[in-house]
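Please read the structure below before turning to the comments.
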Amino acid sequence: MVVAGSSTSWLLNGERAVVLLFVSAILYSATSSSVVSISIVYESLSFLIITVFALFVEISVESSHLHFNTRPGASSGILLGAVTLPGLAVSKLIQLSRAFLANEVGIEDVEYVRFQYWATSTSCLCVLVFLSFICRHQSDKTKPASFYSGWNMKLSISSIALFTTMCYLSFSAKSSSGPYIVFTLLWIVCHGLAAVKFIQHVLHTFPACVSFGEALLVTAGFVVYFGDMFAFTIAKISKYLVSYGLTAVSYGAERSEISIIIQGMLLGLLLSPLLFKFILQRWEVYSNSENSEVIGHHERGRSVIFYGSLAFILLAIVPLWMQFVQNFSVHPFLWVLEFVFSEPHKRLSLCVYWVAVICASVLRFYNISKNSKIERILLRKYYHLVAVLMFVPALIFQPAFLNLAFGAALGVFLVLEIIRVWRIRPLGPIVHQFMNAFTDHRDSDHLIVSHFSLLLGCALPIWMSSGFNDRPLAPFAGILSLGIGDTMASMVGYKYGVLRWSKTGKKTVEGTAAGITSVLAACSALLPLLAATGNMFTQHWLSLLLAVTVSGLLEAYTAQLDNAFIPLVFYSLLCL
């Protein structure tokens, strides 16, 4: 009886309860009468299948001991990682369905997001099947098998069969072309297989850096984002081959120049280490020596090779792709300069303001981090407040420029992290020493992710709102949840918190209440300001209250990297 009681308590932990509340809110909104007419019932059912299967896999993984070195001190996070991006896609479908019924968007926009949902959910499902298979293989080796291992194969097969049926019915309801349906399903399956290979690579290459849930979120996001880039390129190629008797492929909606530049730049930066490694392997064949002078020459050679390969990809290879898919009138980087100087007073003034805020905050907090005894995780919350100071004015008055600035900042972060990891001189040791002043238990020497998660947590809701958006606060989801809610929860909880949510955790009821209250107060102040700038939106206060509460509780209960999950959950619920 004691074992059963403790097992029940373990199954109903706080993080899972909040995640199930998040899923329930999305499913309830998806089955409302106004959305059913556009028919996303198959997506809703498949989302429910993924949730149930992810819950089972998480319980199975946490009851076994897999041979993966995940981040210490964090739960597996599989349920949260598996439902976040599919839930986001369903929320966007609900939002676009409202717009379609009001004749504000075309059916191609709805179908594009529908395809993104199936690609994302298939990636998550295939990773879940992979983890389930590992658990079953592990339980077969260690006898006696756990209670869940007997149902492992049956549930996996049932989930795959039901999910595949929902996917087929969804696409067959929109198209009567058999070859199109087969090709679409094969393309979606490729996303799933790529996700499995990629998550294996992440877990082996960066040991003790991420949990399963964090790796799943990153994996599904990368695979879908760059799969979308590849599909868009294929669609462009097909238009040039029509004269040869081939049929042009239609994919997605038209992209903005800014989104193309960001997408190409990120792909180039992620591919640059591969080119660098390829050239370096051949360079080292001719430079193996123990002579100190030769070693110094080798270090200089490595630096020249790295910066040369990086410049070649960013200035030659990537712009060729941008020109092909978007037909820029000038070189893409010249287009960026023209865009910045099209409104020089506003945009250059904003740049000067950003540089001043960054320099003042970095110098101040860097000195404090070296001399103060304040916990680093609390000290870093000041950077969340800096994000509010930097991004809120830009988002209200210069949202397009902020989109581009986020892409540039992410590119700079990636370059510096690559330089730090590869120890590229002369900046490598300097960057490594500087970044160590801001790391905490969630970072490691292999990979420092906190600054990436903060930047992306603020940027992703803004990027996802660049198309149709009928919810005024949705673009502010990251800034509000991280810059205000998370910061206030940490500060109030640290100074005044007494009642803890759990016996082993540090999060307090007082901190969570402060975070929720501060976000609601910020929303109350932002809505009149947005209305004064001429933005006419609608915002249901019930959905706002639900979004703020769920994201606040998730911050209190989750042991995952909250900078990555909370903004996406908050954004998804704001779109309902």
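Based on the mean of other beta carbon atoms within 10 Å per residue, what is the order of 450-463, 256-269, most packed first?
Numbers: 450-463: 21.8, 256-269: 20.1.
Highest to lowest by the protection proxy: 450-463, 256-269.
Among residues other than Ile484 whose Cβ falls under 13 Å from its Cβ, what is the net charge (Lys/Arg +1, Asp/Glu -1)? Intermediate values should be presented prior to the final figure.
Working: positive: Lys381; negative: Asp486, Glu555.
Its environment carries a net charge of -1.
With charges set only on the Cβ (+1 for Lys and Arg, -1 for Asp and Glu), what does the dipole of the stretch 298-367 come to about its Cα centre, in debye to the nearest 20? Walk me through the numbers on the way to the answer.
On the way: 5 positive and 3 negative charges, 43 e Å.
About 200 debye.
Quickly rank 518-529, 122-133, 542-553 as a protection proxy: mean count of other C-beta atoms within 10 Å, highest first. All intermediate terms of the calculation are to be shown ahead of the outcome.
Working: 518-529: 16.5, 122-133: 24.1, 542-553: 20.9.
Taking the mean over residues of other Cβ atoms within 10 Å, the ranking is 122-133, 542-553, 518-529.
Of the accessible area of the stretch 468-554, with the probe set at 1.4 angstrom, what percent is carbon plus sulfur? Can you show the working numbers first?
On the way: 2820 of 4060 Å².
Its accessible area is 69 percent carbon and sulfur atoms.
Count the net charge of all other residues whose Cβ sits under 12 Å from the Cβ of Gly497, scoring Lys and Arg as +1 and Asp and Glu as -1. Don't skip to the end; give the middle numbers.
Values: positive: Lys495, Arg500, Lys506, Lys507; negative: Glu510.
Local net charge: +3.
Net charge around Val23, counting only other residues with Cβ within less than 14 Å of its Cβ (Lys, Arg = +1; Asp, Glu = -1)? Intermediate results must be reported in sequence, preceding the final value.
Details: positive: Arg16; negative: Glu15, Glu43, Glu58.
Result for the neighbourhood of Val23: -2.
Peptides 504-511, 100-107: what's the order by average Cβ count within 10 Å, highest mean first? Please report the intermediate quantities before stating the final value.
Numbers: 504-511: 17.0, 100-107: 13.0.
Ranked by mean Cβ neighbours within 10 Å, highest first: 504-511, 100-107.
Modelled label-to-label distance, Thr31 and Arg425, 7 Å Cα→beta-carbon offset: nm?
The modelled label-to-label distance comes out at 6.5 nm.
Hey, with R₀ at 35 Å, roughly what FRET efficiency would Met153 and Gln433 work out to, going by the Cβ-Cβ distance, to 0.05?
Between Met153 and Gln433 the formula returns 0.10.
Given a 1.4 angstrom probe, what's the average accessible area per residue across the stretch 164-224, in square angstrom? Provide the component values of the computation, followed by the final result.
Numbers: 2740 Å² over 61 residues.
Per residue, the stretch 164-224 has 45 Å² of solvent-accessible surface.
Using the Karplus curve 6.51 cos²θ - 1.76 cosθ + 1.60 with θ = phi - 60°, what ³J(HN,Hα) values do you get for each residue of the stretch 114-127, in whole Hz, with x for Gly and Pro?
4, 4, 4, 4, 5, 5, 5, 5, 5, 4, 5, 4, 5, 5
Which entries in the list Lys92/Lys174; Lys92/Lys154; Lys381/Lys507; Lys197/Lys277; Lys381/Lys506 go over 22 Å, if you measure between the two C-alpha atoms of each?
The pairs that break the limit, which is 22 Å between Cα atoms, are Lys92/Lys154.
The values are calculated or read from the model by the stated rules, or taken from the named source; none is laboratory data. Note that the structure is a prediction, hence the values are computed from the model and not measured. Quick reminder, even Gly has a Cβ in these numbers, built from the backbone with ideal geometry, and neighbours come from all protein chains shown. What goes into the accessible areas is simple: the full protein's heavy atoms, side chains included, and nothing from ligands, DNA or RNA. Shrake-Rupley method; radii C 1.70, N 1.55, O 1.52, S 1.80 Å.
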